[in-house]
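This report refers to the structure that appears directly beneath it.
The values are calculated or read from the model by the stated rules, or taken from the named source; none is laboratory data. Everything quoted here is computed from the prediction, not taken from an experiment. Every residue, glycine among them, receives a Cβ derived from its backbone with ideal geometry; neighbour counts consider all protein chains shown. Heads up: the accessible areas ignore ligands, DNA and RNA and are worked out on the full protein's heavy atoms, side chains in. Shrake-Rupley method; radii C 1.70, N 1.55, O 1.52, S 1.80 Å.
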Amino acid sequence: MTPVTFGTAIRMLKENGGPEREVRSLHIELLTTLQTPQWPQKPGTGAQTLDRAAPRERKQTAGAESGPRPGPESTPARAPTPGVRPPTMRKIRANAIAILTVAWILGTFYYLWQDNRAHAASSGGRGAKRAGGRPEQLREDRTIPLIVTGTPSRGFDEKAYLAAKQLKPGEDPYRQHAFNQLESDKLSPDRPIRDTRHYSCPSMSYSSDLPATSVIITFHNEARSTLLRTVKSVLNRTPASLIQEIILVDDFSSDPEDCLLLTRIPKVKCLRNDRREGLIRSRVRGADVAAAAVLTFLDSHCEVNTEWLQPMLQRVKEDHTRVVSPIIDVISLDNFAYLAASADLRGGFDWSLHFKWEQIPLEQKIARTDPTKPIRTPVIAGGIFVIDKSWFNHLGKYDAQMDIWGGENFELSFRVWMCGGSLEIVPCSRVGHVFRKRHPYNFPEGNALTYIRNTKRTAEVWMDEYKQYYYEARPSAIGKAFGSVATRIEQRKKMNCKSFRWYLDNVYPELTVPVKEVLPGIIKQGTNCLESQGQDTAGNFQLGMGICRGSAKNPPAAQAWLFTDHLIQQQGKCLAATSTSVSPGSLVVLQACNPREGRQRWRRKASFIQHSVSGLCLEAKPAQLVTSKCQADVPAQQWQLLPHT
Ligand SMILES: [Mn+2]
């Protein structure tokens, strides 16, 4: 089974061609043009592709790779165009020699100073407005311990880098990394992948002055082949002007060279922890030294796809409070095939703070006419996202007391939404990621304990009275130590962030407050209670509001209700909307209970009673009950469900 799938995938990739083909043909073109006293025919298109291909092809084509190319105005060696007076032979020869000399000098400079050149380009070129001046200044002033910037002149020996860590014969390829390392090692660090975007994405256009970004990749004992492919895919598939630098944060891997050797690739920097810090503190460390105004966090076993960065940078450039992530495609952990993920998913979770991908709600799906439009998401998966650096700092970076991994994505997501920002998935951005079934590394305090500690800190700081549902869903968290959250609560107050109830109402109404199996009680609004009012002349059961009589403990029969998961019932009759359509104003009546009837399904959403199918809210009108558009400021929609206790 597996070889077939893999074979098919590879065949598809080969047919697709991709950047590899483009680059190769360009080099051939360049080499031939250099041998004859002529210059490249396509200086405009060549520039970008060559920049991207530069690190890989350096060794073989150092001469051809002479960097800055003269523009069209300096191509006198071409055949004279009709209407222009042909220059003399001597002139041609002199010009050609002059150009070749200049190109040679420039090429040498380019080769030696590629790293510097890149910085100059991003601050002096297209990204001048954002990336210029300030960050550059900071770079020069700071002294950063342990940061290693490569000496590109030494070159990067890709083959030697990979060969040093190959599997021994007979070794289990899954043991070290929880994916098939053998398959990963077989693949080129520059392998082409299928463009998995919606067909309308390639025609999108983006600002010409998008800000440059610092890409931050943290890792602990990552396989060299996947780490290198992550880095190379970024360099190969991103316009050079958008990548300020790639900061690798080596979280105390066994072999420091995994990271250090990669700094021989232009733009790649390495920051090594001298003890295990975990993903969260490592990212903060990377972010603190980042020179660009926008941060891009990336996992260490990814491959970015065509035009992955531009749509995300565009969203952040338009509004710096947006925190955006791509659609995360799947790289098979068994055969490394690159598979497109569904474009209709967003991040969700349950009360135990367990992350899950979920379908976007039906109403939103119906309303989505433009497949390139961003998808609002209650939470992000956490591994891959783009955020404005000043916004990241303003929001309080990360909770540095969280360990290793897990839970930090909830904490960040709640914080972003509740403190004035937003989270979205940009469907025209695709990044492949190797999803694994287990963590390949150890948690010093144990996997479960670390997750509990991190999610418990999240619940304690951000979930207000709703944290009780977290503890109900994750009873093992009760009584566990989680350190002090005082400074985080302080931070939340200082930023004047909204309540978790606001988050549930406005961002994630689909997360319903759990209702106990069967709970008898009253449904109260002010001093009135929901009550059944007997049959009308047509035999229908009437529903209305009446002054609450008795007490919540001992209500009269007409005001006593049973709440189950989805039904609100009284003596075998259930609250039912007369229409399941989303048109508001339809009457709510009592019907014989039928748990499978969509009209009878309700859920609690904060203090609303929401009809599950239409999404409308139960509202008390003077003489009847109806379903209306949910509005937090309408008192007639606010209900208290008081149980008998
Ligand atoms: Mn990962």
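Remarks
- Among the candidates N540, N528, residue that is open to solvent by 40 Å² or more (accessible area, probe 1.4 Å) and modelled with pLDDT of 80 or more: N528
- Single condition P514 does not satisfy, out of (1) touching a residue at least 40 places away in the same chain (Cβ under 8 Å); (2) farther than 25 Å from Q591 by Cα; (3) touching a helix residue (DSSP H, G or I) at 6+ places or on another chain (Cβ under 7 Å); (4) open to solvent by 50 Å² or more (accessible area, probe 1.4 Å): (2)
- Only one of the numbered conditions (1) closer than 28 Å to D319 by Cβ; (2) within 16 Å of the ligand (Cβ to nearest atom); (3) not small (G, A, S) is violated by I246, and that is (2).
- Residues that are of a type in the set (S, T, Y) and either within 22 Å of N506 (Cα to Cα) or touching a helix residue (DSSP H, G or I) at 6+ places or on another chain (Cβ under 6 Å) (or both), drawn from the stretch 375-418: T377, Y398, S413
- For the stretch 599-618, the count of residues that are open to solvent by 20 Å² or more (accessible area, probe 1.4 Å), more than 30 Å from K467 (Cα to Cα) and in a loop (DSSP other than H, G, I, E, B) is zero.
- Checking V426 against (1) within 21 Å of P378 (Cβ to Cβ); (2) open to solvent by less than 20 Å² (accessible area, probe 1.4 Å); (3) within 16 Å of the ligand (Cβ to nearest atom), the condition it does not meet: (3)
- Selection count, the stretch 280-327, where residues are touching a helix residue (DSSP H, G or I) at 6+ places or on another chain (Cβ under 7 Å) and outside any loop (DSSP other than H, G, I, E, B): 14
- Taken over the stretch 403-413, the criterion of being hydrophobic (A, V, I, L, M, F, W, C), within 25 Å of F500 (Cα to Cα) and buried (at least 24 other Cβ atoms within 10 Å of the Cβ) is satisfied by F410, L412.
- Hey, Q570 crowded, with 19+ Cβ neighbours inside 10 Å and over 44 Å from the mean Cα position of the chain (by Cα) or not: yes
- Those strands (runs of 3 or more DSSP E) lying entirely in the stretch 531-581 with at least 1 residues without any contact (Cβ under 8 Å) to a residue 24 or more places away in the chain: 541-547
- Tabulated pairs, the stretch 172-200, first of a type in the set (G, A, S), second modelled with pLDDT under 95, C-beta under 6 angstrom, 6+ apart or interchain: A178/R436; A178/R438; A178/P440
- Helices (runs of 4 or more DSSP H) within the stretch 399-516 that include 2 or more residues in the same structural domain as F252 (by the TED database): 408-418
- Selection count where residues are of a type in the set (S, T, Y) and over 13 Å from the mean Cα position of the chain (by Cα), scope the stretch 378-416: 2
- Per this entry, T458 is not counted among residues that are away from the ligand (no atom under 16 Å from the Cβ), among the β-branched types (V, I, T), farther than 30 Å from E183 by Cβ and surrounded by fewer than 16 Cβ atoms within 10 Å (Cβ to Cβ).
- For the stretch 433-453, the set of residues classified as more than 16 Å from the ligand (Cβ to nearest atom), touching a residue at least 40 places away in the same chain (Cβ under 8 Å) and open to solvent by 70 Å² or more (accessible area, probe 1.4 Å) consists of P444, E445, listed by residue number.
- Some residue of the stretch 371-391 being acidic (D, E) and either within 16 Å of the ligand (Cβ to nearest atom) or out of contact with any His (no Cβ under 8 Å at 6 or more places or on another chain) (or both): no
- Among residues of the stretch 299-321 that are open to solvent by less than 20 Å² (accessible area, probe 1.4 Å), those with a Cβ under 6 angstrom from a residue that is of a type in the set (A, V, I, L, M) and within 16 Å of the ligand (Cβ to nearest atom), sequence gap 6+ or separate chain, pair up as S300/I217; S300/L227; H301/V434; C302/V431; V304/V234; V304/V431; W308/V431.
- Test: residue in the stretch 152-169 that is within 14 Å of V268 (Cβ to Cβ), part of a helix (DSSP H, G or I), in contact with a Leu (Cβ under 9 Å, 6 or more places away or on another chain) and modelled with pLDDT of 95 or more: yes
- Of all residues making up the stretch 259-282, the number that are open to solvent by 10 Å² or more (accessible area, probe 1.4 Å) and within 16 Å of the ligand (Cβ to nearest atom): 1
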